[in-house]
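Below is one structure, written out as structure tokens, with a few remarks after it.
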Amino acid sequence: MQFGLSESQQILKDTARKFFAGECPMTTVRRLAETATAHDAELWTRLAGQGFTGIVAPEEYGGMGLGKVELILLMEEAGYALLPGALFSTVALAVPAIDALGTPAQKKKYLEPIAAGQARSTVALLETEASWDVSSLQLAAAGDKLTGTKLFVTDAAIADSIVVAARNGVWVVEANAPGLSIQPMKGMDLTRKIYSVEFKNTPAEKLGGSGSLARALDIATAALCAEMAGGMQRVLETTVGYAKTRKQFGKPIGIFQAVQHLCADMYLETESSRSAAYYAAWALEENAPDAASAVSVAKMYASDASRTVGNRGIQVHGGMGFTWENDLHLYYRRAKASETMLGDATFHRERIARLVIDAPGRAKEERAEVATGK
């Protein structure tokens, strides 16, 4: 593993930082957060124009065909900017699932419009048990029809298709399919809307490839960890900047050791989360034997770290950190929502135990699945 980014990767990261700063400043984030869907069609078109919507889609389907490391670099900068809308749901969740599980014809059907910026997608996984373990799924298709409910589906209202995980396969439901009902749910993150999705004898197309949904979810989880690290970086920078300018007793509060300790801890949590996310992406790209456990280590750490960084950032800001006018609370909301998304720290600790301690036989199977892409 190279411990530094390549020249092209650094250019991608810098380009994304400049693009999001110019096209999605905090004024835009706040404006979209107050809308029903947090979606801006013009912003989505500009994202597609940069190639971001097709960053990991294969070139034969109109994408850029880049790797997992490039994906997390993009997601890290999206997290830094607190980008609203369906970029994560589409590019990090749905695209890897369709790419892994779809046939060539299905990939052409669904990935080409996404890469061109003409469509959005998401993945429906959670049910009433609220477990991210795919083995706990209850919804099952009868023939080519789905009946049941999925909860906490991100950006479902603006998706042109929904990838649905069921006990008997992974299916795609078109947004205009009969029997499909989408209702908003209350969520903590104002920039990423969540929905309940109900299927009543709804027509669906089964993805016919031989890939692994678990691997696709690992890619999404690594991307989410990077997005969380980007948000932590923004909170850290904002907090350090405040500590340098806010004066108490005639001196900047940043000179007080207690404040310095908080900022140092935030820096440690941020850098460690970033390193874990980068390694997880590299392990997935290289089909490393420890790829699955690396993803869980990254998410386990980031889930706790993002909450801690948010807490300490608000603590340094004092009462000001709780005000609506301060951007810090928006990042904290994202951190709290992301903490449980795709599995919280407890879920991933248990997964690591299954992979490493409790079931070495199953660990070998999962590592083999990662290595073969199944």
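The values are calculated or read from the model by the stated rules, or taken from the named source; none is laboratory data. None of these values were measured; they are calculated from a predicted model. Quick reminder, even Gly has a Cβ in these numbers, built from the backbone with ideal geometry, and neighbours come from all protein chains shown. Just the protein is used for accessible areas: all its heavy atoms, side chains included, with ligands, DNA and RNA removed. Shrake-Rupley method; radii C 1.70, N 1.55, O 1.52, S 1.80 Å.
Can you pull the accessible area of Lys200 for me, 1.4 Å probe, Å² to the nearest 10? Here the residue's solvent-accessible area equals roughly 130 Å². Longer than 22 Å from Cα to Cα, which of Lys18/Lys107; Lys18/Lys251; Lys107/Lys206 are they? Say none if no pair is. Among Lys18/Lys107; Lys18/Lys251; Lys107/Lys206, the Cα-Cα distance tops 22 Å for Lys18/Lys107; Lys18/Lys251. Electrostatic tally near Ala166: other residues with Cβ closer than 13 Å to its Cβ, Lys and Arg +1, Asp and Glu -1, net +1.
Principal axis extents of the C-alpha atoms in segment 1-115 (largest first, rounded to whole Å): 41, 38, 20. Note: the chain, Cα convex hull, 135 Å³ per residue.
With all protein chains in place and a 1.4 Å probe, the accessible surface of segment 186-231 carries 53 percent carbon and sulfur. Under a model in which nothing but the beta-carbon of Lys, Arg (+1) and Asp, Glu (-1) is charged, segment 4-144 shows a dipole of about 280 debye around its Cα centre.
Could you tell me which GluC sites (Glu not before Pro) in segment 100-191 are loop residues by DSSP with no more than 12 other beta carbons within 10 angstrom of their beta carbon?
On the way: sites: Glu127, Glu129, Glu174; in loops: Glu127, Glu129.
Here the GluC sites (Glu not before Pro) that fit, given the DSSP loop and packing criteria, are Glu129.
The mean sequence separation of alpha-carbon pairs under 8 Å and at least six residues apart, normalised by the residue count of segment 187-334, gives a relative contact order of 31 percent.
Please figure out what share of the DSSP beta bridges in the chain is antiparallel and state it in percent, rounded to the nearest 5. So the antiparallel bridges amount to about 85 percent of the total.
Which residue fluctuates the most in the chain, going by a Gaussian network model with Cα springs under 10 Å, if the choices are Ala298, Ala105, Ala124? Checking each option, the largest mean-square fluctuation is seen for Ala105.
Take every pair of alpha-carbon atoms less than 8 Å apart whose residues are at least six positions apart; their mean separation over the length of the chain yields a relative contact order of 16 percent. Placing unit charges on the Cβ atoms of the charged side chains and taking the dipole of segment 181-287 about its Cα centre, the candidate lying farthest along the positive direction among Thr221, Trp282, Ile182 is Ile182. Taking only protein heavy atoms and a 1.4 Å probe, what accessible area per residue, in Å², does the chain have with all protein chains in place? Normalised by residue count, the accessible surface of the chain is 42 Å². When Rg and the Kirkwood radius Rh are both evaluated on Cα atoms of segment 97-168, their ratio Rg/Rh stands at 0.98. Normalising the average separation of contacting C-alpha pairs (under 8 angstrom, six or more residues apart) by the number of residues puts the relative contact order of segment 58-187 at 22 percent.
Axis angle, to the nearest 10 degrees, between helix 328-340 and the longest C-alpha principal axis of the chain: 40 degrees. At a Cα cut-off below 19 Å, give the lysines reachable from Lys13, other chains included and same-chain residues fewer than 8 away excluded. Hits, sequence-local ones excluded: Lys68.
Applying a DSSP loop filter and a limit of 10 other Cβ atoms within 10 Å to the GluC sites (Glu not before Pro) in segment 270-352 leaves Glu325. Note on exposure: Ser338, Ser275 ranked by accessible area (1.4 Å probe, complete protein assembly) read Ser275, Ser338, with the most exposed listed first. Of the chymotrypsin sites (Phe, Trp or Tyr not before Pro) found in segment 95-156, none is in coil by DSSP with at most 10 other Cβ atoms within 10 Å of its Cβ. Residue order by solvent-accessible surface for Arg215, Arg307 is Arg307, Arg215, largest first, with ligands and nucleic acids left out and a 1.4 Å probe. Taking the helices alone, the chain has a mean residue ellipticity at 222 nm of -17000 deg cm²/dmol, built from -39,500 (n - 2.57) per DSSP H run of at least 4 residues and averaged over all its residues.
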